[in-house]
Amino acid sequence: MNSKVIDWYEQKEHIDEMKSWDKGKLKIWEQQVADRFPRGAKILDIGSGMGREAFSLYKQGFEVIGLDISNYAVEKAREESWKANNKVEFYHYDGNLFPFDDEAFDIVILWNQTFGLLYGDDYKKSFLLECKRVLKPGGLFSYSGHDLKYIREHYDYCLDDDKFYPYQERDIYWETFSLEELVNYTKQNDFNILMSGQGEIYVPEDGVVLYCLCQKGSGFQMKKDSSTECWSKVGAEEWIKAAQNNDFRNYFIMPFTLQAMGEVKEKHILDMGCGEGGYARALAEKGAVVTAVDCSDTMLAYVDDQAIKTGLDIKTLLQNSNDLNKVMDNEYDIVLCSMMLMDVEDLEGTLKEIHRVLKPTGKVFISILHPCYKPKESKWIIEEDGIRVVVTDYFYPTEWIGEIKGISAPVVYRHRTLSDYVKAFTRFGFLLTDMNEPIPTKEQMEHSKRIEWLSKIPMYLFMELENK
């Protein structure tokens, strides 16, 4: 740790000033992250200061140890712990080696933008290696940093070469970051990103920070299968361009889906297979609390970046749809599966997870390629008076390698019959409450000649599910 930083935090007036900011509870984004911590986990709070986070987490049932470079802060935190008669312990360290055994903790947190005080890439790398050392296999690491864009917009007079100097004496500074920069530090050190974004503090006037929750690489790997391997290889730029310029998606599938979902303000929505995040942004703009899940970290990086640029609060998770191990039971009012169920290898595992994370009164909204009219052995033939579909085999093949226009990487296509879907829904505790093969409106058909085809033969099938 830089000696100037250590000296600054040993000064009583600076620590006392920090105490004046203490609201005695976790910030909004901190609580959202803490909600994903395993119950009763053992947490190391680095940069614990006067103990705000440590005491708050202790009250929520976690075992917490605080660690700080300031002797004065550690002393004051110990006094507060003793007065409250709790079991939170606080230790001093030199900013380099942690005084704990290997694999001693389930979780390490580095909040309060302390990451910006780890000056230089070499120091950050050595610090992250220490975090990995004390984390158990599969352990979680959460950290935060100042948002360069936000600081530029609101405190440009405090910036010098992207260094944030909030104090007039300019003894110390905080490094600032874009979300991509912040996340890349842990990616490059073999952590797996679980969620990241721009987080609220207490009230809008407090501003925002960037945060990340990741997992020690040796203990967690996203469950991989042919679906995740395939879609992880699809080029992000190609897919983003293809998706955002697709007439079926933009003028037919998405409008119908959003209309069917109705009022979503303050509803918790899980966007499964979110891709470039078009639905996540549209729902967040309507006031929904959105979590976007995908198997492609490059897609999720784009979702994060766009959320920041548009000022939307969207959380992202890198997960296989059949293993949502960082999502709690009964967490979501709505699960959205737009044009993704037909792509998953493990349909049963995916439906099992959707049922687990859906609230008892929740709903699932699904769109897929219509299995009756888009198996592999089908042809859509354009004729003078319209369109004709010829299906030569409805049942087989069930899987094949194909192409998507504008995408250079081959993709895995899957086909399931209509009865396959309905029986799977029933088997995993769902009721099929609605099914639609909508006819496009006149306005929709004016957008694209191809959409006119759908006025004769449905290419897409929309379904709604509820828990039994």
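The values are calculated or read from the model by the stated rules, or taken from the named source; none is laboratory data. None of the values given here were measured: they were computed from a predicted structure. Cβ placement follows ideal geometry from the backbone for every residue including glycine, while neighbour counts extend to all protein chains displayed.
The rows are residues; the columns are (1) over 28 Å from Met328 (Cβ atoms); (2) of a type in the set (Lys, Arg).
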position: Trp29; (1), (2): no, no
position: Arg39; (1), (2): no, yes
position: Ile46; (1), (2): no, no
position: Glu53; (1), (2): no, no
position: Val64; (1), (2): no, no
position: Asn71; (1), (2): yes, no
position: Lys76; (1), (2): yes, yes
position: Glu80; (1), (2): yes, no
position: Asn85; (1), (2): yes, no
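Return a yes/no flag: does region 350-367 have any residue that is part of a strand (DSSP E or B), more than 16 Å from Met272 (Cβ to Cβ) and either within 17 Å of the chain's Cα centre (by Cα) or not acidic (Asp, Glu) (or both).
Applying the first criterion (part of a strand (DSSP E or B)) to region 350-367 yields 358-367.
The next check asks that each one be more than 16 Å from Met272 (Cβ to Cβ); those that pass are 360-361.
Filter again for either within 17 Å of the chain's Cα centre (by Cα) or not acidic (Asp, Glu) (or both), leaving 360-361.
Within region 350-367, one or more residues are part of a strand (DSSP E or B), more than 16 Å from Met272 (Cβ to Cβ) and either within 17 Å of the chain's Cα centre (by Cα) or not acidic (Asp, Glu) (or both).
What are the residues in region 62-88 that are at pLDDT below 95 and small (Gly, Ala, Ser), if any?
Across region 62-88, the qualifying residues are Ser70, Ala73, Ala77, Ser81, Ala84.
Go through region 328-349 and count every residue that is out of contact with any Phe, Trp or Tyr (no Cβ under 9 Å at 6 or more places or on another chain) and either crowded, with 21+ Cβ neighbours inside 10 Å or assigned to a helix (DSSP H, G or I) (or both). Don't jump to the end; show me each part of the working.
Quick first cut of region 328-349, residues out of contact with any Phe, Trp or Tyr (no Cβ under 9 Å at 6 or more places or on another chain) only: 328-333, 340, 344-346, 349.
Of the ones still in play, those that are also either crowded, with 21+ Cβ neighbours inside 10 Å or assigned to a helix (DSSP H, G or I) (or both) are 332, 340, 344, 349.
Count: 4.
Can Gln259 be described as over 30 Å from Ser3 (Cα atoms) and not β-branched (Val, Ile, Thr)? Walk me through how you get there before you give the answer.
On the way: over 30 Å from Ser3 (Cα atoms): yes; not β-branched (Val, Ile, Thr): yes.
Yes.
Among all residue pairs at least 6 apart or on different chains, which show Cβ distances below 7 Å where the first residue, located in region 115-135, is free of Cβ contacts under 8 Å to residues at least 40 places away in the same chain and the second is exposed (fewer than 15 other Cβ atoms within 10 Å of the Cβ)?
Partner pairs satisfying both residue conditions: Glu130/Leu97; Arg133/Asp102.
So Glu276 clears everything in (1) surrounded by 16 or more Cβ atoms within 10 Å (Cβ to Cβ); (2) in contact with a strand residue (DSSP E or B) (Cβ under 8 Å, 6 or more places away or on another chain); (3) in a loop (DSSP other than H, G, I, E, B) except one condition, right? Which one?
Failed condition: (2).
Could you check region 308-325 and list, in sequence order, the residues that are more than 21 Å from Glu200 (Cα to Cα), out of contact with any Cys (no Cβ under 9 Å at 6 or more places or on another chain) and surrounded by 19 or more Cβ atoms within 10 Å (Cβ to Cβ)? So that I can check it myself, show each step before the final result.
The first filter runs over region 308-325 and keeps only residues more than 21 Å from Glu200 (Cα to Cα), leaving 318-325.
Those left that are additionally out of contact with any Cys (no Cβ under 9 Å at 6 or more places or on another chain): 322-325.
If the condition is that a residue be more than 21 Å from Glu200 (Cα to Cα), out of contact with any Cys (no Cβ under 9 Å at 6 or more places or on another chain) and surrounded by 19 or more Cβ atoms within 10 Å (Cβ to Cβ), then Asn322, Leu324 are the ones that fit.
When you check Ile381 against the structure, is it touching a Ser or Thr at 6+ places or on another chain (Cβ under 6 Å), among the aliphatic types (A, V, I, L, M) and more than 17 Å from Leu336 (Cβ to Cβ), yes or no? Full working, then the answer.
Working: touching a Ser or Thr at 6+ places or on another chain (Cβ under 6 Å): no; among the aliphatic types (A, V, I, L, M): yes; more than 17 Å from Leu336 (Cβ to Cβ): yes.
It is false that Ile381 is touching a Ser or Thr at 6+ places or on another chain (Cβ under 6 Å), among the aliphatic types (A, V, I, L, M) and more than 17 Å from Leu336 (Cβ to Cβ).
Can you work out which of the residues in region 266-281 that are acidic (Asp, Glu) and closer than 17 Å to Thr310 by Cβ is modelled with the highest pLDDT?
First, pick out the residues of region 266-281 that are acidic (Asp, Glu): 266, 271, 276.
Applying the additional criterion that residues be closer than 17 Å to Thr310 by Cβ yields 271, 276.
Details: Asp271: 98, Glu276: 94.
The qualifying residue modelled with the highest pLDDT is Asp271.
For region 236-265, which positions are within 23 Å of the chain's Cα centre (by Cα) and modelled with pLDDT under 95?
Ala236, Glu237, Glu238, Trp239, Ile240, Lys241, Ala242, Ala243, Gln244 - these are the residues of region 236-265 that are within 23 Å of the chain's Cα centre (by Cα) and modelled with pLDDT under 95.
Do you know which residues across region 160-207 are at pLDDT below 85 and either under 21 Å from the mean Cα position of the chain (by Cα) or surrounded by 15 or more Cβ atoms within 10 Å (Cβ to Cβ) (or both)?
Lys187, Gln188, Asn189, Asp190, Asn192, Ile193, Leu194, Met195, Tyr202
Looking at Tyr150, Tyr167, which is the one that is in a loop (DSSP other than H, G, I, E, B), under 25 Å from Asp45 (Cβ atoms) and assigned by TED's automatic domain parsing to the domain that holds Glu53?
Tyr167
State yes or no: is Ile407 on the phi < 0 side of the Ramachandran plot, in the same structural domain as Cys274 (by TED's automatic domain parsing) and in contact with a helix residue (DSSP H, G or I) (Cβ under 9 Å, 6 or more places away or on another chain)?
Numbers: on the phi < 0 side of the Ramachandran plot: yes; in the same structural domain as Cys274 (by TED's automatic domain parsing): yes; in contact with a helix residue (DSSP H, G or I) (Cβ under 9 Å, 6 or more places away or on another chain): yes.
For Ile407, the condition - on the phi < 0 side of the Ramachandran plot, in the same structural domain as Cys274 (by TED's automatic domain parsing) and in contact with a helix residue (DSSP H, G or I) (Cβ under 9 Å, 6 or more places away or on another chain) - is met.
So, in region 279-298, how many residues would count as being in a loop (DSSP other than H, G, I, E, B) and not polar (S, T, N, Q)?
Narrowing region 279-298 to residues in a loop (DSSP other than H, G, I, E, B): 286-288, 295-296.
In the following step, the residues that additionally are not polar (S, T, N, Q) were identified as 286-288, 295.
Looking only at that region, the number is 4.
Is there a residue being assigned by TED's automatic domain parsing to the domain that holds Gln244, free of Cβ contacts under 8 Å to residues at least 12 places away in the same chain and more than 31 Å from the chain's Cα centre (by Cα) anywhere in region 388-398?
Within region 388-398, the subset assigned by TED's automatic domain parsing to the domain that holds Gln244 is 388-398.
The next check asks that each one be free of Cβ contacts under 8 Å to residues at least 12 places away in the same chain; those that pass are 388.
Restricting the remaining residues to those that are more than 31 Å from the chain's Cα centre (by Cα) gives 388.
There is at least one residue in region 388-398 that is assigned by TED's automatic domain parsing to the domain that holds Gln244, free of Cβ contacts under 8 Å to residues at least 12 places away in the same chain and more than 31 Å from the chain's Cα centre (by Cα).
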